[in-house]
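To keep things clear, I will list the structure first and then write my remarks on it.
The values are calculated or read from the model by the stated rules, or taken from the named source; none is laboratory data. Quantities reported herein were computed from a predicted structural model and do not represent experimental measurements. Neighbour counts run over all protein chains shown; Cβ positions are idealised from the backbone, glycine included. Just the protein is used for accessible areas: all its heavy atoms, side chains included, with ligands, DNA and RNA removed. Shrake-Rupley method; radii C 1.70, N 1.55, O 1.52, S 1.80 Å.
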Amino acid sequence: MIRIGLLGAARISDKAIFQPLKQLDGFVLQAVAASSPERARQYAGAHGILYVADSYQALLERDDIDLIYNALPPSDHAHWTIKALEQGKHVLCEKPFAMDEAEAKAMVQAAKAAGKLLLEAFHYRFHPLFVEVMRLVQAGTIGTISHLRANFSVRIPYFAGSLRHEAALGGGAMMDLGCYPLHWVRTVMGDESGQEPVVLSANCITASATTGGAQIDITTQAQLQFANGAIADIGTSMAEHLSRTPDTSLVLEGSLGSIEVNGLITPQLGNSIKVMTAGSERQYSVPGHSTYYYQLQHVQDCLQGRANALTGGSDAISNMRLLDQIYQHAGLLSRGSCRR
């Protein structure tokens, strides 16, 4: 039985933890810690969590917890993830992994020193939809990939206290949403190029002074190049004029054809893969549960020795390094520098 401790009374836990646990065996919601003991008690009562810890540190020191789910703001990811690992806990850390590359390196080193599992919660990665995308690519269905286009955009309204609009907490469209298309193209090209891409260019539209200030990117576009010459164009936006229905799309163009994918973040609500090659076009969807179901299943498989971690480690460090570089190319500070 894997005993889970929740670090933070976050709304995302409903999708990431509570709902999947209704379908998965082998887990128990053991304890929660929040910004105050009272909030933790209310949260525990509402979600049937067995115990309440009076502080984050008290949660980590409990000897009846195996796995910490770190759903705190990105600005708190490194500190509390490292503390959890030092207390002998495995950690599933929400994305984006850290505030910058330096923090990501420290987290990965702490996991190695402790001999514990540290995963970044890129939940899409574990769903049968993306598994199918990788199968098509690795089978050479569209030949050698030369161009990738990836986008994650959705309306995220500003409100007072919104962490997505506060640079010191790790906010910004590229951090909150753009980390996904960056990870999509890197994952797809992992077997193709064998090397990480370089950032060629990036530009952004920043928030107004009353909705986050100059260091908060509302819309960002970036272009990257892989070692084999393939170009990736990635985009992200949380602008107020957008639909609340997210655009999560990936297009891969290769020497033998193309693949278009939609619905990468919430595939259980609808998804499609269109494969176009010479004289052939096929469109279909991939059934399955939510992405978070497969994410927790992957955690379980890793802890029980049935799988190797697909996120975290050098992958997480590289994603943060490129996020830093995209911000720098766009004329903004890395999120770690925004806190200093």
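Given the condition buried (at least 19 other Cβ atoms within 10 Å of the Cβ) and either part of a strand (DSSP E or B) or among the polar types (S, T, N, Q) (or both), answer yes or no: does some residue in the stretch 263-274 qualify?
Looking for residues that are buried (at least 19 other Cβ atoms within 10 Å of the Cβ) and either part of a strand (DSSP E or B) or among the polar types (S, T, N, Q) (or both), one finds at least one in the stretch 263-274, hence yes.
Among the residues of the stretch 295-317, write down those that are under 26 Å from Pro197 (Cβ atoms) and either open to solvent by 60 Å² or more (accessible area, probe 1.4 Å) or in a helix (DSSP H, G or I) (or both).
Hits for the stretch 295-317 are Gln295, His298, Asn308, Leu310, Gly313, Ser314, Asp315, Ala316, Ile317.
Report, by residue number, each residue of the stretch 104-137 that is under 16 Å from the mean Cα position of the chain (by Cα) and of a type in the set (Gly, Ala, Ser).
Ala104, Ala121
Sort out which residues of the stretch 96-115 are surrounded by fewer than 20 Cβ atoms within 10 Å (Cβ to Cβ) and either part of a loop (DSSP other than H, G, I, E, B) or among the basic types (Lys, Arg) (or both), and write them in order of number.
Within the stretch 96-115, Lys105, Lys112, Gly115 meet the criteria.
Take the residues of the stretch 69-86 that are assigned to a helix (DSSP H, G or I) and touching a Gly at 6+ places or on another chain (Cβ under 7 Å): which is surrounded by the fewest Cβ atoms within 10 Å (Cβ to Cβ)?
Narrowing the stretch 69-86 to residues assigned to a helix (DSSP H, G or I): 74-86.
This time we only want the ones that are touching a Gly at 6+ places or on another chain (Cβ under 7 Å), so: 74-75.
Values: Pro74: 28, Ser75: 21.
Residue satisfying both the conditions and the ranking: Ser75.
May I ask you to verify whether Ser243 is surrounded by fewer than 21 Cβ atoms within 10 Å (Cβ to Cβ) and part of a loop (DSSP other than H, G, I, E, B)?
yes
Does Asp66 meet the test of being open to solvent by 30 Å² or more (accessible area, probe 1.4 Å), in contact (Cβ under 8 Å) with a residue 40 or more places away in the chain and either farther than 25 Å from Ala316 by Cα or touching a Leu at 6+ places or on another chain (Cβ under 8 Å) (or both)? Write out each step before concluding.
Numbers: open to solvent by 30 Å² or more (accessible area, probe 1.4 Å): yes; in contact (Cβ under 8 Å) with a residue 40 or more places away in the chain: yes; either farther than 25 Å from Ala316 by Cα or touching a Leu at 6+ places or on another chain (Cβ under 8 Å) (or both): yes.
Against the criterion (open to solvent by 30 Å² or more (accessible area, probe 1.4 Å), in contact (Cβ under 8 Å) with a residue 40 or more places away in the chain and either farther than 25 Å from Ala316 by Cα or touching a Leu at 6+ places or on another chain (Cβ under 8 Å) (or both)), Asp66 qualifies.
If you go through the stretch 116-170, how many residues are outside any loop (DSSP other than H, G, I, E, B), out of contact with any Gly (no Cβ under 6 Å at 6 or more places or on another chain) and open to solvent by less than 70 Å² (accessible area, probe 1.4 Å)? Let's see the steps before the verdict.
Here is the first cut: in the stretch 116-170, the residues outside any loop (DSSP other than H, G, I, E, B) are 118-120, 123-126, 128-138, 145-153, 163-165, 167-169.
Still in the list and also out of contact with any Gly (no Cβ under 6 Å at 6 or more places or on another chain): 123-126, 129-138, 146-150, 152-153, 167-169.
Now drop any that are not open to solvent by less than 70 Å² (accessible area, probe 1.4 Å), which leaves 123-126, 129-130, 132-134, 136-137, 146-148, 150, 152-153, 167-169.
So the answer is 20.
Only one of these conditions is not met by Asn203: (1) within 21 Å of the chain's Cα centre (by Cα); (2) modelled with pLDDT of 95 or more. Which number is it?
(1)
Which of the residues belonging to the stretch 1-12 are under 18 Å from Ala84 (Cα atoms) and open to solvent by less than 60 Å² (accessible area, probe 1.4 Å)? Quick ask: steps written out before the conclusion?
Within the stretch 1-12, the first condition is being under 18 Å from Ala84 (Cα atoms), and the residues that meet it are 2-10.
Within the stretch 1-12, Ile2, Ile4, Gly5, Leu6, Leu7, Gly8, Ala9, Ala10 qualify.
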